[in-house]
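These notes concern the structure reproduced below.
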Amino acid sequence: MDKENVKRVRLLRIWEILKQESDDNHPIPTTVLLAKLKEGGIECDRRTLYNDIKALNEFGYEVMCNRAATNEYYVVDREFDIPEIRILMDAVQAASFITEKKTKELVDKIARLAGSRTGEVLKQNIVDFNSTKGTNEHIYYSVDEIATAINSHKKITFTYFDYDEKHRKVYRKEGASYLVNPVATVFADDKYYLVCYDDKHGNLAAYRVDRMESVRTCEEDINEIEAAKKFDVIRHRKQAFGMYAGEPECVSFEADKSILDPIFDVFGEDTKFIKVGDDRVRFTAEVQLSPTFFSWCGGFGDRLTVVGPQNVLQTIGEYYKKIAELYC
């Protein structure tokens with residue numbers, strides 16, 4: 001290897017060591033850095049190291065130096081700050097659709113963004129979210145295939161299954177494939193969903209990605225229907241409860257001020273309220289009527305009341321009448 005290539009390899013290795021193993025709290029002394037280079041088969045002396053560090057800085061690879069009897073070098077420029085990395089690790093830990101195996105792999109990769117020292121500390125302080133992890137190892141490939149189909153405006157096929165009481169897969173349509181127009185992927189209630197348009201049934205539907213198998217992009221172009229073009233993920237998340245689709249309705253509520261936080265969580269912090277008493281407010285929101293929505297309303301007891309329109313009141317009343325009959 002000629003001298004120029006040797007220098008390039010040496011510069012690259014110096015940068016890799018500093019980026020992975022140093023920070024402002026853990027600078028690497030010159031002697032240690034030289035020893036690490038030697039372990040990798042790269043000979044280097046103090047003067048050469050000094051010149052290499054200078055060259056890295058000139059090319060924009062910022063290396064900091066604590067000047068002393070023996071200089072100490074470190075890198076502080078990270079792509080992610082430590083709090084950002086911790087949030088990413090916590091999100092992976094909490095996500096139930098990510099399997100135990102993939103969780104460990106992803107946490108290891110994310111931790112390495114912080115460098116070896118800090119990464120190990122982060123992994124030692126992982127929060128236990130007590131999440132029930134999924135078992136479908138193919139979900140990553142399914143998400144990637146769906147994204148590819150959406151970007152290329154192609155239809156997809158897949159098989160879909162549920163679990164029986166013995167945790168055995170039971171395929172819908174006796175294992176026959178679904179053919180749909182993918183619209184978007186939505187993360188809701190700790191799960192990934194595919195929102196798609198079914199030409200045969202003429203409606204938008206949602207399927208759990210962790211229940212999908214054999215996801216394939218087709219050669220057939222998607223059907224550019226108006227409902228898919230107008231689909232808005234943010235609006236859908238506010239309307240739908242648990243991704244159970246239903247008829248959209250503009251519903252009026254009366255609520256106790258003590259439950260404003262969960263109302264904001266569902267409908268957004270821009271929800272407008274009208275004061276109707278010392279401790280009560282009224283607001284309206286567009287929702288999709290479904291059993292999950294009815295259960296959400298009932299969960300607050302007398303602190304939340306649906307006050308209109310009349311057809312929604314009737315539907316909710318019939319729903320709870322059937323529930324009451326089961327326990328009377």
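Restricting the first residue to region 276-298 and requiring it to be within 18 Å of residue 324 (Cβ to Cβ), which pairs with a second residue that is among the aromatic types (Phe, Trp, Tyr) and in a helix (DSSP H, G or I) meet a Cβ separation below 7 Å and a spacing of at least six or different chains?
291/319; 294/319; 298/320
Scanning region 173-209 for residues that are under 23 Å from residue 96 (Cβ atoms) and touching a Ser or Thr at 6+ places or on another chain (Cβ under 8 Å), which turns out modelled with the lowest pLDDT?
Filtering first and then ranking leaves 190.
Of the conditions (1) at negative phi; (2) assigned to a loop (DSSP other than H, G, I, E, B), residue 9 satisfies every one except a single condition; which number is it?
Only one criterion in (1) at negative phi; (2) assigned to a loop (DSSP other than H, G, I, E, B) is unmet by residue 9, namely (2).
Give the residues of region 293-314 that are surrounded by fewer than 16 Cβ atoms within 10 Å (Cβ to Cβ), over 13 Å from residue 259 (Cβ atoms), in contact with a strand residue (DSSP E or B) (Cβ under 9 Å, 6 or more places away or on another chain) and not small (Gly, Ala, Ser), sorted by residue number.
Listed by number, the residues that qualify are 307, 309, 311, 313.
Within the set of pairs 6+ apart or on separate chains, which have a first residue in region 63-74 that is more than 15 Å from residue 17 (Cβ to Cβ), a second that is surrounded by 15 or more Cβ atoms within 10 Å (Cβ to Cβ) and of a type in the set (Val, Ile, Thr), and C-beta atoms under 6 Å apart?
Close Cβ pairs (under 6 Å, with a partner that is surrounded by 15 or more Cβ atoms within 10 Å (Cβ to Cβ) and of a type in the set (Val, Ile, Thr)) amount to 70/30.
One line per residue, one yes/no per condition, for (1) aliphatic (A, V, I, L, M); (2) out of contact with any helix residue (DSSP H, G or I) (no Cβ under 8 Å at 6 or more places or on another chain); (3) at positive phi; (4) assigned to a strand (DSSP E or B):
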position: 142; (1), (2), (3), (4): no, no, no, no
position: 147; (1), (2), (3), (4): yes, yes, no, no
position: 150; (1), (2), (3), (4): yes, yes, no, no
position: 156; (1), (2), (3), (4): yes, no, no, yes
position: 160; (1), (2), (3), (4): no, no, no, yes
position: 167; (1), (2), (3), (4): no, yes, yes, no
position: 187; (1), (2), (3), (4): no, yes, no, yes
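If I ask for residues that are buried (at least 17 other Cβ atoms within 10 Å of the Cβ) and either part of a helix (DSSP H, G or I) or at pLDDT below 90 (or both), which ones from region 265-284 would you list?
267
Can you give me the number of residues within region 155-185 that are touching an Asp or Glu at 6+ places or on another chain (Cβ under 6 Å) and closer than 12 Å to residue 216 by Cβ?
Qualifying residue count for the region: 3.
Checking residue 42 against (1) touching a Lys or Arg at 6+ places or on another chain (Cβ under 7 Å); (2) part of a helix (DSSP H, G or I), which single condition isn't satisfied?
Checking residue 42 against (1) touching a Lys or Arg at 6+ places or on another chain (Cβ under 7 Å); (2) part of a helix (DSSP H, G or I), the one that fails is (2).
Taking residue 56 as the residue in question, decide whether it is at pLDDT below 90, among the aliphatic types (A, V, I, L, M), surrounded by 12 or more Cβ atoms within 10 Å (Cβ to Cβ) and in contact with a Cys (Cβ under 6 Å, 6 or more places away or on another chain).
For residue 56, the condition - at pLDDT below 90, among the aliphatic types (A, V, I, L, M), surrounded by 12 or more Cβ atoms within 10 Å (Cβ to Cβ) and in contact with a Cys (Cβ under 6 Å, 6 or more places away or on another chain) - is not met.
Note down all Cβ pairs under 6 Å where the first residue falls in region 308-325 and is within 16 Å of residue 289 (Cα to Cα), the second is part of a helix (DSSP H, G or I), and they're at least six residues apart or on different chains.
So the pair list comes out as 316/294; 319/294.
Among what's in region 251-264 and is of a type outside the set (A, V, I, L, M, F, W, C), assigned to a helix (DSSP H, G or I) and over 26 Å from the mean Cα position of the chain (by Cα), pick the residue that is surrounded by the fewest Cβ atoms within 10 Å (Cβ to Cβ).
Looking at residues that are of a type outside the set (A, V, I, L, M, F, W, C), assigned to a helix (DSSP H, G or I) and over 26 Å from the mean Cα position of the chain (by Cα), I get 258.
Return a yes/no flag: does region 27-42 have any residue that is closer than 22 Å to residue 112 by Cβ, surrounded by 14 or more Cβ atoms within 10 Å (Cβ to Cβ) and under 35 Å from the mean Cα position of the chain (by Cα).
Checking region 27-42: at least one residue is closer than 22 Å to residue 112 by Cβ, surrounded by 14 or more Cβ atoms within 10 Å (Cβ to Cβ) and under 35 Å from the mean Cα position of the chain (by Cα).
Give the residue that is farthest from residue 283 (Cα to Cα), with candidates limited to residues of region 306-325 that are outside any helix (DSSP H, G or I) and out of contact with any Phe, Trp or Tyr (no Cβ under 7 Å at 6 or more places or on another chain).
Among them, the one singled out is 309.
The values are calculated or read from the model by the stated rules, or taken from the named source; none is laboratory data. On a predicted model such as this, the values are computed, not experimentally measured, just so you know. Neighbour counts are summed over all protein chains in view; Cβ atoms, including those assigned to glycine, are modelled from backbone coordinates with ideal geometry.
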